[in-house]
Amino acid sequence: MSVRVRYAPSPTGSLHVGSARTVLFNWLFARHHGGAFVLRIEDTDQSRSTNAFAQRQQEILHWLGLEWDEGPGIGGPHAPYNQMARLPLYANALQRLKEAGAVYPCYCSPEELAARREQSRRAGRAPRYDGRCRDLTSAERRAFESEGRRPAWRLRLPDDGETVVHDLVRGDVTFAHAILDDFVLVRSDGLPVYNFVVAVDDAAMEITHVLRGDDHLANTPKQLFVYRALGVVPPAFAHLPSVLATDRSRLSKRHGPVSIEDYREQGLLPEAILNYCALLGWSPGDGREVMSLHEMVEAFSLDRVGKAGSVYDVDKLRWMNGQHLHQLDPTELLRRVEPWLRADGLLKHIGGDEGPAPEAVLALVQERVETLADLPEAIRYFYVRPSVFDPAGVRRHFQPSAAPLLRAAAGRILALEPFSEHSLEVAYRALAEELSVKAAVLIHPTRLALTGRTVGPSLFALASLLGRQECVARVFDAAERIESGAFSM
Ligand code: GLU
């Protein structure tokens, strides 16, 4: 039997970190076993579903690189893949259940149900459906129909006994039937509900394993009743541990941005987001943390998925992003950072005859940043002369005594042959010795003159990328401005 899994989002919002984790686990499980990954859009809740959300979710899945083998856009043997286009299938399944006597029509209006629930609550009883329409005579049904009532269809559940969910993550979980009620499969407006359509579709699409968040665990016994009533073998279930905020409450929007679109805007890389999501409830068991998608596919298994909720930590996500960003090939990094450079206005300064090759600049600074969004600032001085100088740096390194040192350094740079990172370093050390000062006394003001900053990558490496002319111009200019008192206000 080959593995078939699905991700079945409701298009009622943008993809957030918990759902990304669910998609990823399904995708990894399918790829690890050489199975199929199906995408199905669960849009029967028409009051909350929108086509725009469905599109956005699919777009972000493409961006993450989690491609589906069957589903919207590509079709497949079980098309269509959005539930509103599958209504005839559910009508058909309902018809079979009617014929088998597994369901009954319920004429209670939402107001009546709400009033009775409220009564139970006040009497201290669980607010379950009271079974009022379970055994209506045909005369009673006709009477309701003649009042113009349309029925909802409820599944008849046993009153006693229990259902055991054999969960691949949590082990056996037992649900007493006494706590379940005859739930609605099809509402009075004719629309089928989640617990019905999910089982009909998982059966029709030959899904072998359902991997989903543990917020759905309580739905599973209901779905098992639907399978039983339809006479089909249910898939295996694995309920994934909740994703928690640092205060250990369930992660939600109030904890800050949790949608994958937000992370993309913040300059996070898809491979880092996936790597981070993989560790929300799973680990490869050998201490590895930073992993490629390929490595995750190789290592993934459900027996290494834990039961305990996993805490989502945005600092760790950013750290993880840094780890992946540092490993990117600079040509690829340039391709990815281009939208940020464009938005920043820096792109027009890059790639002309002037200025260093952006790949070389990125290679030099990439280890010093965590996200794509950090990069324009990190490389700006390579393309635009600094106009603002770090004030603390100015106080420390642009004292009047620095001007002659900078002039001497500029003279050396001008005459340097060849002009390279290594020769710059040798020249600076020699000059420091001649002037009987520490090399740092030359290096700090030079860095400030070249970059406007007090920290950054190796001075000699960045100077060699800036080029002789530019270095000489910036260092002379700084000396001149120190002498003219431009920094002393
Ligand atoms: N549409 C459901 C959701 O988005 C899917 C649950 C399931 O995987 O069965 O939560």
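The values are calculated or read from the model by the stated rules, or taken from the named source; none is laboratory data. Source: prediction; values computed, not measured. When we count neighbours, we look across all protein chains shown, and the Cβ atoms used for this are built from the backbone with ideal geometry, even at glycine. Calculation scope for accessible area: heavy atoms of the full protein, side chains included, ligands and nucleic acids excluded. Shrake-Rupley method; radii C 1.70, N 1.55, O 1.52, S 1.80 Å.
So the values come out like this:
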{"read-out": "Inter-residue pairs, beta-carbon under 6 Å, first basic (Lys, Arg) and in the stretch 392-412, second part of a helix (DSSP H, G or I), 6+ apart", "value": "407/479; 412/427; 412/431"}
{"read-out": "Scan of the stretch 1-11 for residues that are of a type in the set (Val, Ile, Thr) and either more than 11 Å from the ligand (Cβ to nearest atom) or more than 19 Å from residue 65 (Cβ to Cβ) (or both), ordered by number", "value": "3"}
{"read-out": "Whichever residue in the stretch 12-33 is over 16 Å from the mean Cα position of the chain (by Cα) and either of a type in the set (S, T, N, Q) or part of a loop (DSSP other than H, G, I, E, B) (or both) and, among such residues, is farthest from the ligand (Cβ to nearest atom)", "value": "33"}
{"read-out": "Restricting the stretch 414-457 to residues that are charged (D, E, K, R) and surrounded by fewer than 18 Cβ atoms within 10 Å (Cβ to Cβ), the residue that is farthest from residue 365 (Cα to Cα)", "value": "434"}
{"read-out": "Helices (runs of 4 or more DSSP H) completely within the stretch 295-382 that count 3 or more residues being more than 18 Å from residue 456 (Cβ to Cβ) and open to solvent by 60 Å² or more (accessible area, probe 1.4 Å)", "value": "314-327, 330-344"}
{"read-out": "Out of 137, 163, sole residue that is open to solvent by 60 Å² or more (accessible area, probe 1.4 Å), out of contact with any Gly (no Cβ under 7 Å at 6 or more places or on another chain) and at pLDDT 95 or above", "value": "137"}
{"read-out": "Matching residues in the stretch 185-195 - criterion: being more than 27 Å from the chain's Cα centre (by Cα) and within 12 Å of the ligand (Cβ to nearest atom)", "value": "193"}
{"read-out": "Qualifying positions in the stretch 39-48 - within 11 Å of the ligand (Cβ to nearest atom), of a type outside the set (D, E, K, R) and modelled with pLDDT of 95 or more", "value": "41"}
{"read-out": "Set 210, 243, 233: member being more than 12 Å from the ligand (Cβ to nearest atom), under 24 Å from the mean Cα position of the chain (by Cα) and over 20 Å from residue 154 (Cα atoms)", "value": "243"}
{"read-out": "Residue that is nearest to residue 158 (Cα to Cα), among those in the stretch 101-125 that are of a type outside the set (Val, Ile, Thr) and touching a helix residue (DSSP H, G or I) at 6+ places or on another chain (Cβ under 7 Å)", "value": "102"}
{"read-out": "Long-range neighbours under 8 Å by Cβ, at least six apart or interchain, first residue under 15 Å from residue 236 (Cβ atoms) within the stretch 199-224, second among the hydroxyl-bearing types (Ser, Thr, Tyr) and within 12 Å of the ligand (Cβ to nearest atom)", "value": "211/22; 212/22"}
{"read-out": "Filter result for residue 160 (within 30 Å of residue 91 (Cα to Cα) and either out of contact with any Pro (no Cβ under 7 Å at 6 or more places or on another chain) or basic (Lys, Arg) (or both))", "value": "yes"}
{"read-out": "Residue check for residue 196: of a type in the set (Phe, Trp, Tyr) and part of a strand (DSSP E or B)", "value": "no"}
{"read-out": "Single residue of the stretch 185-194 satisfying the filter (touching a strand residue (DSSP E or B) at 6+ places or on another chain (Cβ under 7 Å) and within 17 Å of residue 43 (Cα to Cα)) that is surrounded by the most Cβ atoms within 10 Å (Cβ to Cβ)", "value": "185"}
{"read-out": "Residue count, the stretch 168-184 (criterion: within 22 Å of residue 86 (Cα to Cα) and either open to solvent by 50 Å² or more (accessible area, probe 1.4 Å) or assigned to a strand (DSSP E or B) (or both))", "value": "1"}
{"read-out": "Selection from the stretch 35-60 of residues that are surrounded by fewer than 18 Cβ atoms within 10 Å (Cβ to Cβ) and under 20 Å from the mean Cα position of the chain (by Cα)", "value": "52, 55, 59"}
{"read-out": "Which numbered condition residue 95 misses (of (1) within 14 Å of the ligand (Cβ to nearest atom); (2) over 23 Å from the mean Cα position of the chain (by Cα); (3) modelled with pLDDT of 95 or more)", "value": "(1)"}
{"read-out": "Scope the stretch 224-264; condition in a helix (DSSP H, G or I), open to solvent by less than 10 Å² (accessible area, probe 1.4 Å) and more than 16 Å from residue 163 (Cα to Cα); matching residues", "value": "260, 263"}
